[in-house]
Amino acid sequence: MTGLIAELRRAARGEVIEQAPLAPRTSVRVGGPAKLLLKPNDPRALVDVLGVLRGAAVPWFSLGGGANTIVGDLGVNGAVIRLGQDFAAEEVEEGGDHVVLTLGAGAPIARLLSLAREQRGIGVAWAAGIPGTVGGLVAMNAGTPAGCMADHLIAAELAFPDGLRWVGAPDLHLGYRHCELPPGSVLTRARCKVRRGSEGDLLEQQRVAKADVDRRRATQPLNLPNSGSVFVNPPGDFAGRLIEQAGLKGTILGGAQISDRHANFIVNLGRAKAADVVELIALARRKVLEQTGIELKPEVRLVGDFEPALPAELQPHRLEPLLPGTEVPAVEMPDRTKSCVRVQP
């Protein structure tokens, strides 16, 4: 292991941390440690890191801002790759009535908004208040009723053990909260097209963004650690409404709670374990299915080793660390044919 650590440090040209706690690196603040946490200095360093991991047959997965990730209490028996905010340089390309913005995957979503504002870009107010990183926006095709990443993404730069390459948005098969990154790749940069507007348009966008943030603060439990929306909304309905209808709003198990403010959020009351969160997820799915026949699909990623083991119905939603040289196991996801669903949360 000592030789591998030294090789990874040379490749990463950044941090390599053994037994790194992951709970503080996720928004719900639960989960055990990663055997290795890797922070490559730049995209080329990431390519080198992936090459070392492949050569050593070390399984890995990438962690963005941790806003939609639940790590098992036993942690991750492998490597976790995390990209810093300054991992990749920004680029701005003029396009007349629009501007093309390229940002690193580790950049906060707020930076997409501020860079767009600097360039008189409009139409991205929907992203205000969404936690996480630009990489997460792409990997989940994140969005709101007003828009989603599929509305803007032109291409994504991906790192593989053998180099970097750009992949066009159509090849990522973006759907409702869904993106198909090629097996064995890590998203490094995103290239987005943003319309330009007048000063009045910019002021209106700021007003809309503030109103959306204020609405989120009033209706979502942002004062407590949480993983964001737990389930995707089923067609024509709302996961939160179905869970509340099942009488589960405010339900507490261990240190976790189905929020009494918004039933599609599970919050950490202070000493929650991943097992508590998983039990509430399973409970909500089971009760809603029993009462309505609707099977809620998790929007959160379940990663690492869980104790007790995940219930059988959640096993298909567990994301296994990738063993270099193998295909990523299929994870059940929402309908990819729907790029955005315009419903109120």
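Checked against the criterion of being among the aliphatic types (A, V, I, L, M), modelled with pLDDT of 95 or more, within 19 Å of the chain's Cα centre (by Cα) and outside any loop (DSSP other than H, G, I, E, B), segment 278-286 has at least one qualifying residue.
Only one residue in Pro298, Pro308, Pro235, Pro316 is under 29 Å from Pro183 (Cα atoms) and open to solvent by less than 30 Å² (accessible area, probe 1.4 Å), so which one is that? That would be Pro298, the only listed residue that is under 29 Å from Pro183 (Cα atoms) and open to solvent by less than 30 Å² (accessible area, probe 1.4 Å). Residue check, Leu63 against (1) under 23 Å from Leu103 (Cα atoms); (2) touching a Pro at 6+ places or on another chain (Cβ under 6 Å), all met but one. Which one? All conditions are met except number (2). For segment 201-214, the count of residues that are open to solvent by 20 Å² or more (accessible area, probe 1.4 Å) and not in a helix (DSSP H, G or I) is zero.
Looking at Gly106, Gly96, Gly66, just one residue is of a type in the set (Gly, Ala, Ser), closer than 30 Å to Arg195 by Cβ, part of a loop (DSSP other than H, G, I, E, B) and in contact with a Ser or Thr (Cβ under 7 Å, 6 or more places away or on another chain), and that residue is Gly106. Consider Ile130 carefully, then state whether it is hydrophobic (A, V, I, L, M, F, W, C), buried (at least 19 other Cβ atoms within 10 Å of the Cβ), outside any strand (DSSP E or B) and in contact with a helix residue (DSSP H, G or I) (Cβ under 7 Å, 6 or more places away or on another chain). The answer is yes for Ile130. Among residues of segment 243-277 being among the polar types (S, T, N, Q) and within 24 Å of the chain's Cα centre (by Cα), the one that is nearest to Glu313 (Cα to Cα) is Asn264. For Leu74, indicate whether it is closer than 30 Å to Leu280 by Cβ, in contact (Cβ under 8 Å) with a residue 24 or more places away in the chain and surrounded by fewer than 20 Cβ atoms within 10 Å (Cβ to Cβ). Criteria met by Leu74. Taking Arg165, is it closer than 29 Å to Gly95 by Cα, without any contact (Cβ under 8 Å) to a residue 24 or more places away in the chain and in contact with a Leu (Cβ under 7 Å, 6 or more places away or on another chain)? Judged against the criteria, Arg165 is a match. Ile154 fulfils the conditions (1) open to solvent by 20 Å² or more (accessible area, probe 1.4 Å); (2) touching a Cys at 6+ places or on another chain (Cβ under 7 Å); (3) over 25 Å from Gln119 (Cα atoms) except for a single criterion, (3). Select from segment 35-60 the residues that are open to solvent by less than 10 Å² (accessible area, probe 1.4 Å), in contact (Cβ under 8 Å) with a residue 60 or more places away in the chain and within 21 Å of the chain's Cα centre (by Cα) and list them in ascending order. Correct list: Leu46, Leu50. For segment 62-87, the set of residues classified as within 22 Å of His178 (Cβ to Cβ) and in contact with a Leu (Cβ under 6 Å, 6 or more places away or on another chain) consists of Ile70, Val71, Ile81, listed by residue number. Applying the condition of being in contact with a Phe, Trp or Tyr (Cβ under 7 Å, 6 or more places away or on another chain) and small (Gly, Ala, Ser) to segment 134-151 and asking which residue is most open to solvent (accessible area, probe 1.4 Å) yields Ala146.
Do the conditions hold for Val30, that is, is it touching a strand residue (DSSP E or B) at 6+ places or on another chain (Cβ under 7 Å) and assigned to a helix (DSSP H, G or I)? It is false that Val30 is touching a strand residue (DSSP E or B) at 6+ places or on another chain (Cβ under 7 Å) and assigned to a helix (DSSP H, G or I).
Return the residue satisfying two criteria in turn: it lies in segment 160-177 and is part of a helix (DSSP H, G or I) and open to solvent by less than 20 Å² (accessible area, probe 1.4 Å), and of such residues it is farthest from Trp60 (Cα to Cα). Only one residue fits best here, namely Ala169. Picking from residues in segment 112-127 that are open to solvent by 30 Å² or more (accessible area, probe 1.4 Å) and outside any helix (DSSP H, G or I), the one that is nearest to Leu101 (Cα to Cα) is Gln119.
The values are calculated or read from the model by the stated rules, or taken from the named source; none is laboratory data. Nothing here was measured: the structure is a model prediction, and the numbers come from that model. For neighbour counting, all protein chains shown are included, and Cβ atoms are generated from backbone atoms with ideal geometry for every residue, glycine included. For accessibility, only protein heavy atoms count, side chains too; no ligands or nucleic acids. Shrake-Rupley method; radii C 1.70, N 1.55, O 1.52, S 1.80 Å.
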